[in-house]
Amino acid sequence: EVQNRINHRPQRITLSHPWQTQIANETQIIARMARSATKNAKSTDSTKGYVSATTSSTLKHFIVVTVHILCLAVYFIPILTHSHKSVPSVLDESHIMSSENKDVAGTSTLEEVMTNDYWGRPMNGESSHKSWRPLTILSFRWLKTTWGGRCAFLTTHRIINALAHAATGDAVSILAVKIFEMSSSSTEWSLLLLRCLVKLLFCLHPTHVEVTANAANRPHLFAVLVAVVLCDPQLHFLLVLFLQIIGLMCSETFIFQMPAVVITQTLIKFRNNAKNQSDTQSKDDKEDEDTASSFSFLLSSLRKLLPRQFLLFILSVSYLIMRNALDWLSIPEGLIRPAENPFFHLTGIDRFRNYAFILMVHIFKGWNLDFIGFSHEYGFECIRQLEKWTDPRFGVVIFAVGMLLHVVIKCFQQEGRARWNASLLLLFHLSWMLTLFPISGVVKVGTFIADRIVVASTVSICILVGRHFQQRIMPQGDKHVRVLPSIFVFSLLSLMWYRVHIRSLQWMGNYPLLSSSLKTCPRSAKSHLEISKVYSGLMPELFDLDQSLYHLEQVKDIDSDFLYCDVHQQLAHVYIQQQKLLEFEKELAQAILCPFTMSGASGMWQNYWSMVLKDPSAKQEGELRKRKYEMQISEAVQREQEELGKGKPQWKGARLEEI
C-alpha cells in the first residue's frame with residue numbers, strides 16, 4: 001500500500017487501523033519531498049552547467065583579448081613615446097612622407113598612381129625598381145587627403161602598421177587552429193593555448209620590427225595578411241578572387257606566397273577529411289586502410305580545391321604576363337649597385353656559394369637565430385664574399401641541409417597516415433620558406449639581406465614552434481599544464497619582447513638606427529654616409545660638421561673605387577657649410593655626374609653659380625672656374641658614353657679628371 005502511494009496517484013483505500021492511516025500520510029509527505037528534491041537537484045545541475053560554460057567562454061575571450069592587447073602594446077609603447085611631429089622620418093619613410101611624392105600628396109591622377117612605382121617614378125622608366133604597390137600608396141594617400149594635418153605625421157602611419165601586424169598575428173594564430181583542430185589530442189583549452197602561443201611568437205618576432213615600426217614597409221605586412229587569410233579553404237569563391245587581386249596590388253612580393261597558400265589549403269582540407277573518416281572507422285580497420293585511404297583523402301582534397309587553386313594560378317600567371325608585357329618585370333641592372341648588393345655581379349659557382357649562404361642567413365633569422373646582428377642595411381664590406389668552399393661560414397649551409405635531410409628521413413620513418421601528415425607539414429613549412437626565393441640569386445633584385453623579406457617565412461615557423469610548445473605545456477590536451485616548459489616558454493617570450501622593444505626604439509629615429517647599424521657593420525659605407533647627414537643638419541641637436549666629415553672620410557676609405565657616388569653631394573653639403581667653396585665646387589660637379597644625385601645637384605649647381613656671378617669682384621674668376629668645370633663635366637659624360645658601350649655599369653657614373 002505504501003509502495004503504491006509512492007509510485008502512483010493516490011487511490012481510495014480502506015485502512016483498518018489508525019496507525020496505518022498515519023503511516024500512509026507520512027509516506028505521501030516523504031514522496032512529495034523526494035520528488036521536489038529530485039526536481040530541484042536537476043534544476044541546480046542545469047544551472048551550474050550553464051554558469052560553468054558561460055564562465056569558461058568569458059575566460060577564453062578574456063585571454064584572447066589580453067594577448068591581443070599585449071601584441072599591440074609591444075609596438076604602441078615605443079611609437080607613442082618616441083614618435084611625434086618633431087622626429088624626422090627614417091630612411092625610406094622620407095620618400096613616402098615627402099610633399100614631393102605626388103602620388104601620396106594627392107596631386108597626381110589615379111592613372112598615374114596605377115602606372116607609377118612605390119617611389120612615384122614611372123614603372124617602365126630606367127630609374128624604376130619595379131615595385132608596383134598602388135593599393136598601399138592609396139592607403140597613405142587616403143589618410144593624407146582625408147584627414148589632412150591630423151594624419152600628416154609619422155605616428156598615425158606607424159600605428160596603422162602596428163594594427164596591421166597584430167591583425168596578421170591573429171590571422172596566423174587562427175590558421176594554426178584550423179590546421180591542428182582535427183588532431184585527436186586537441187581540446188578547447190589546448191587549441192586556445194596554441195592560438196595564444198602562435199600569436200605571441202609571431203607578434204614578438206624580432207625580424208618583424210622593420211615592417212612594423214617603419215611606415216614605408218607597410219606593403220609587406222599587407223601582402224602577408226592577405227596571403228594568410230587566403231589559406232582558408234572555406235572562403236567564398238568570389239572572396240578568393242577579390243583577396244588575390246588586393247594582394248597583388250599591395251606588394252610584388254605577394255606572388256611568391258601563392259605556392260604557400262595552395263599547400264596550406266591542401267593541408268587543412270586533407271586533415272579535415274582524414275579526421276572525419278577516422279571518426280567513422282573502426283579501430284580494427286584503421287591500420288589496414290591507413291595508407292590507401294590517406295592517398296584517397298589527398299586526391300579528394302585536391303579535387304575539391306581545384307577550382308579555387310586554378311583561379312589562383314590563372315590570376316598569378318596573368319599578373320606576370322601583364323608586368324612582362326608592360327616592361328614592369330625586370331629591374332635595370334644599372335640600378336643594382338655593389339654598394340648595396342655586393343654579390344650581384346658574381347656568376348657561376350661563386351654566385352651559388354655566396355647566395356646559398358645569404359639564403360641561410362634569412363632562414364636562420366626566421367628561426368630567431370640571428371648570427372650576424374641587426375642592421376637596416378647589409379651592403380658593401382658588411383658581409384664579405386665567400387671566396388672558397390672551406391670558408392667557415394659555409395658550415396651554416398651544410399648544417400641547414402643536414403637538418404633538412406634528417407627531418408625528411410624522420411617523416412618517411414613514420415607509418416600509414418602519420419607519414420602523410422608529417423610529409424604534408426614538412427611541405428607546408430617548405431612552401432613558406434619558398435617566399436625567400438627573391439633573395440636566392442635566381443632573379444634580379446636590389447635587396448641583399450633584409451628582415452622585411454623574412455616576415456612571410458615566419459608564418460610556418462611560428463605555427464610549428466607554437467604547436468611544439470603547446471604539446472609540451474599541455475601534453476594531454478586538458479587544463480593541467482607542466483611547470484618547467486611553461487617557465488621556459490615564458491622566459492623565451494619575455495626575451496623576444498625585450499629584443500623587439502629595443503629594436504623598435506632604434507627604428508624610431510635616424511641616429512639610433514644608424515648607430516646600431518654601424519655596430520653590426522662598422523665598415524658599411526652606406527651607414528657612414530647616412531649618419532653623416534645626421535651630423536650635418538638633419539638633427540639640429542646633433543649638429544657637428546667635423547663628425548660628419550669624419551664619417552664621409554670613412555666612406556672614401558672603405559669605398560676606394562667610389563662605388564657609392566652619392567658621397568659627393570653630401571661632401572658638397574658639408575663643405576658649403578664650412579665655407580670651403582673650392583672643395584664644394586669640385587664635389588658638386590662630381591655629384592652632377594652621379595646618376596643617383598644628378599637632379600638635386602643640378603639645381604644646386606645653377607643656384608650657386610647664379611649667386612657667385614652676381615658679385616662683380618668675383619665674376620671674372622668665377623666664370624673661368626665655371627667653364628672649366630663644365631668642360632670637365634662634358635668630357636666625363638663623353639667618356640662615360642664610350643665606356644657604357646663597352647659594358648660599364650650605369651650605377652658607377654662618370655668621373656671628373658683632376659682640375
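The values are calculated or read from the model by the stated rules, or taken from the named source; none is laboratory data. Predicted model only: the values in this text are computed from it and were never measured. Every residue, glycine among them, receives a Cβ derived from its backbone with ideal geometry; neighbour counts consider all protein chains shown. Accessible surface areas use protein heavy atoms only, side chains included; no ligands, DNA or RNA. Shrake-Rupley method; radii C 1.70, N 1.55, O 1.52, S 1.80 Å.
Observations, loosely collected:
- R0 of 45 Å, Cβ-Cβ distance Leu59-Ser94: FRET efficiency to nearest 0.05: 0.45
- If R0 is taken as 25 Å, the Cβ-Cβ distance between Ile349 and Leu404 corresponds to a FRET efficiency of 0.75.
- Region 581-631, accessible surface, carbon-and-sulfur percent (1.4 angstrom probe): 58 percent
- Per-selection Kirkwood Rh - region 515-605 (Cα, Å, 1 d.p.): 13.2 Å
- Over all directions, the projected convex hull of the C-alpha atoms in region 303-449 averages 12.0 nm² in area.
- By definition, a body whose alpha carbon gyration tensor gives a ≥ b ≥ c is oblate when a/c is 1.5 or more and a/b is not larger than b/c, and region 184-256 fits this oblate description.
- Taking other residues whose beta carbon is less than 13 angstrom from the beta carbon of Leu204, and scoring Lys, Arg as +1 and Asp, Glu as -1, yields +3.
- Solvent accessible area, Å² - Thr266, 1.4 Å probe, full protein context: 10 Å²
- Coupling constants for region 195-209 follow from the phi torsions by the Karplus curve (6.51 cos²θ - 1.76 cosθ + 1.60, θ = phi - 60°), and in residue order they are 4, 5, 5, 5, 5, 5, 4, 6, 6, 9, 6, x, 6, 7, 4 Hz; glycine and proline get x.
- For region 117-231, the dipole from Cβ point charges (+1 on Lys and Arg, -1 on Asp and Glu) about the Cα centre works out to 400 debye, to the nearest 20.
- Using only side-chain charges placed at the Cβ, +1 for Lys and Arg and -1 for Asp and Glu, the dipole size of region 438-545 relative to its Cα centre rounds to 360 debye.
- Which listed pairs, of Lys444/Lys556; Lys130/Lys628; Lys365/Lys519; Lys130/Lys533; Lys388/Lys410; Lys556/Lys580, have C-alpha distances above 30 Å, in listed order: Lys130/Lys628; Lys388/Lys410
- Ile409, Ile179, Ile160, Ile174, reordered so the largest accessible area comes first (probe 1.4 Å): Ile409, Ile174, Ile160, Ile179
- Linear extension gain, Gln414 paired with Arg303, 0.36 nm per residue minus alpha-carbon span: 37.4 nm
- If R0 equals 25 Å, the separation of the Cβ atoms of Glu621 and Met598 corresponds to a calculated FRET efficiency of about 0.40.
- Protein accessible area in region 302-346, 1.4 Å probe - carbon and sulfur %: 70 percent
- Of Phe380, Phe469, Phe202, the residue with the largest accessible area leads and the full order is Phe380, Phe469, Phe202 (1.4 Å probe).
- Residue-by-residue Karplus 3J(HN,Hα) for region 540-554, coefficients 6.51, -1.76, 1.60, Hz, glycine and proline x: x, 5, 10, 4, 7, 5, 5, 5, 4, 5, 4, 5, 5, 5, 5
- Most positive-pole-ward Cα, Thr109, Leu70, Ser94, against dipole of region 70-136 from beta carbon charges: Leu70
- Each residue of region 496-511 is assigned a 3J(HN,Hα), and the resulting list reads 5, 4, 4, 5, 5, 4, 5, 5, 5, 4, 5, 7, 7, x, 5, 5 Hz, derived from the Karplus form 6.51 cos²θ - 1.76 cosθ + 1.60 (θ = phi - 60°), x at Gly and Pro.
- Virtual paramagnetic centre 7 Å along Cα→Cβ of Phe313, amide N under 17 Å, in region 214-251: 241
- Each of Phe469, Leu514, Gln579 was scored by the projection of its Cα onto the charge dipole of region 467-599, and the greatest displacement toward the positive side belongs to Phe469; charges sit on the C-beta of Lys, Arg, Asp and Glu.
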